[in-house]
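Some notes on the structure that comes next.
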Amino acid sequence: MEDSSQYAIKVEIPQIVLVKSRKTECLYLYSELINKGGSKQSLETLYYFVNRSSDFSNIKLNLISTPKGAEIFLIPNRVWMKEFDGKKWQSYGETYMDKFRVNGTTTNTFTHIDETVYVVLFKLKDDYKLRTLYTKPAQIAPEQTVTITF
């Protein structure tokens, strides 16, 4: 997802990778339509290294609901303000919401996050609950928890 200043990329990292490594190499690619003259065009894929050594998110975020089984969506606050706040987001389709879904699972679970502000959206059947998470620095709180009761 792109906004005016940066990209937000959702990546699900298997736990076995997190146990063995704290960094990864990042590579991005994109395709560009190139005009070859006249009406001829070709699609060319370009590859770039952006950040050769990125830290994995270092805060463990526990997500708990009562009762268990709520779907969880983790939305950066800047995205929430731009695309959700004041809008009828409850009608957004599954395809759109999937990019914010936490690990494709339900509570009670955990994920790893970085130090930013998030809106945590819990959904149980047709009921939604929100929590704004002001993440504490990892050095102070390497494990943090958000709980909700329906």
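Remarks
- Index of the failed condition, K88 passing every other in (1) buried (at least 16 other Cβ atoms within 10 Å of the Cβ); (2) farther than 19 Å from Q144 by Cα; (3) basic (K, R): (1)
- Residue check: K87 meets all listed conditions (1) without any contact (Cβ under 8 Å) to a residue 24 or more places away in the chain; (2) in a strand (DSSP E or B); (3) of a type in the set (K, R) but one, namely (2).
- Checked against the criterion of being part of a helix (DSSP H, G or I), charged (D, E, K, R) and surrounded by fewer than 16 Cβ atoms within 10 Å (Cβ to Cβ), the range 107-127 contains not a single residue that satisfies it.
The numbers here are math on the coordinates, done by the rules we state, and not lab data. On a predicted model such as this, the values are computed, not experimentally measured, just so you know. We place every Cβ from the backbone using ideal geometry, glycine too, and count neighbours over all the protein chains shown.
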